[in-house]
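So the structure is just underneath, and the comments pick up after that.
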Amino acid sequence: MKRILVTGGAGFIGSNFVRMVLAEEKDCLLVNLDNLTYAGNLENLAGFENHPNHKFIKGDICDGPLVEKIIDSHKIEVIINFAAESHVDRSISAPKIFIETNVIGTLTLLEAARDKKLKRFIQISTDEVYGSLGAEGKFTEETSLHPNSPYSASKASADHLVQAFGHTWGLPYNITRCSNNYGPYQFPEKMIPLMINNALNDKELPVYGDGLQVRDWLYAYDHCKAIWMVLTKGKPGEIYNIGGCNEKRNLEVVKFILERLKKPESLIRHITDRLGHDRRYAIDAAKIMSRLRWKPTVSFEEGMAKTIDWYLANQKWLKNVVSGNYQKYYEQMYLNR
Ligand code: NAD
Ligand code: TYD
């Protein structure tokens with residue numbers, strides 16, 4: 001049996017990973033460590049409370065003694081580190097927590113993985129560590145790192161630490177760098193669910209700047225599948241880019257959502273751009289495609305249709321996650337802009 005410590009498994013991608021593994025793998029124990037920040041939600045794990053192969057533990061990845069205790073008591077072999085502060089806009093208004101969780105938290109996990117001689121450490125990183133592209137070209141694993149936001153700088157720092165632990169102590173690791181994800185259970189601070197939520201409520205859709213920025217979108221299930229392949233077939237010490245081969249301008253995505261929900265384009269409102277906004281991301285995923293035989297299985301149109309339908313069918317989930325501090329966040333971020 002594989003025995004994996006998944007961190008951040010109550011968040012968007014982590015909970016999609018937990019759901020996929022519990023549905024598709026019989027011989028795998030997932031211990032899920034998450035401190036349930038605003039982005040973590042036990043409702044994302046509904047149905048798995050009593051699953052024999054899943055154990056949820058509320059706790060912080062910066063808590064070294066707790067991490068070591070979990071590794072010992074569950075005979076953990078592998079850590080997959082999803083836990084992070086993940087939203088660029090929040091990193092611009094309050095960067096410190098990004099350093100605490102994304103850098104110190106990763107360091108804490110690495111020390112435990114080294115001391116307990118784990119078989120593998122998988123760091124879930126992002127294409128944002130590479131910086132921004134012009135109109136041409138794509139990021140490969142050899143592209144040098146030029147992070148532009150406090151978020152991407154903290155993720156790049158974590159990547160460097162993972163490689164340093166591999167080099168210095170021989171820790172067997174992989175780093176995955178994926179493009180923008182979308183799908184069920186994404187918190188509505190990120191563009192796609194935010195636009196869906198606003199459109200459903202006939203609220204304005206706030207497009208930053210000219211809306212011609214480009215992101216390469218990947219359905220979260222396909223990202224999770226790629227991570228599983230890296231775990232089971234990846235070579236230690238390798239970095240794998242993961243991408244959707246699916247570049248879209250933000251405005252195209254927003255218009256797709258409006259059309260699907262039969263809402264007018266007059267809801268679009270261009271607002272002041274994000275500070276230091278990266279213009280374009282695009283991933284060259286040739287390495288994972290050729291070496292691990294991974295490829296995306298869900299097209300953008302199909303994935304977006306599934307995602308919009310999921311939000312339509314799960315309005316109670318949406319209502320619950322936007323209660324509490326979300327309104328205050330939204331006002332601070334978007335009003336008078
Ligand atoms: P998310 O914000 O939805 O979830 C993060 C989870 O981590 C939450 O459940 C939160 O409670 C938990 N967490 C935060 N701080 C913690 C701490 N100190 N200790 C324990 N748990 C903590 O993020 P996501 O979008 O699911 O992203 C998951 C990972 O994938 C992140 O590392 C992110 O950098 C990376 N990534 C995300 C995308 C994307 O498009 N969302 C793309 C590429 C890579
Ligand atoms: P986001 O989902 O925050 O992901 P990231 O910044 O990590 O790529 O944003 C995706 C794109 O959408 C990005 O170019 C910023 C833009 N955006 C808006 O135009 N309006 C919004 O309200 C948000 C949240 C993002």
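The values are calculated or read from the model by the stated rules, or taken from the named source; none is laboratory data. Please read all numbers here as calculations on a predicted model, not as lab measurements. With ideal geometry, Cβ positions are generated from the backbone for all residues, glycine too; neighbour counts draw on all protein chains shown.
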What pairs come out if I take residues in the range 187-200 that are within 10 Å of ILE308 (Cα to Cα) and pair them with residues that are hydroxyl-bearing (Ser, Thr, Tyr) and more than 9 Å from ligand 2 (Cβ to nearest atom) whose C-beta lies under 6 Å away, six or more apart or interchain? ILE196/TYR311
Of all residues being farther than 27 Å from ARG19 by Cβ and not hydrophobic (A, V, I, L, M, F, W, C) in the range 155-193, which is nearest to ligand 2 (Cβ to nearest atom)? Just the residue, please. SER157
Picking from LEU107, LEU5, the residue that is in contact with a Leu (Cβ under 7 Å, 6 or more places away or on another chain) and either within 30 Å of SER132 (Cβ to Cβ) or near ligand 1 (Cβ under 8 Å from one of its atoms) (or both) would be LEU107
Tally, over the range 110-124, of residues that are touching a Phe, Trp or Tyr at 6+ places or on another chain (Cβ under 7 Å) and part of a helix (DSSP H, G or I): 3
Within the set of pairs 6 or more residues apart or between chains, which connect a residue that is under 14 Å from LEU205 (Cα atoms) and modelled with pLDDT under 95 inside the range 318-337 to a residue that is in a loop (DSSP other than H, G, I, E, B) and not hydrophobic (A, V, I, L, M, F, W, C) with Cβ atoms less than 7 Å apart? ARG337/THR272
Could you go through the range 222-241 and let me know if any residue there is within 26 Å of VAL298 (Cβ to Cβ), touching a Pro at 6+ places or on another chain (Cβ under 7 Å) and either part of a strand (DSSP E or B) or within 11 Å of ligand 2 (Cβ to nearest atom) (or both). no
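Residue-wise test of (1) in contact with a Phe, Trp or Tyr (Cβ under 6 Å, 6 or more places away or on another chain); (2) assigned to a loop (DSSP other than H, G, I, E, B); (3) charged (D, E, K, R).
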| residue | (1), (2), (3) |
| --- | --- |
| VAL21 | no, no, no |
| TYR38 | no, yes, no |
| PHE48 | no, yes, no |
| PRO52 | no, yes, no |
| LEU66 | no, no, no |
| ILE80 | no, no, no |
| ARG90 | no, no, yes |
| VAL103 | no, no, no |
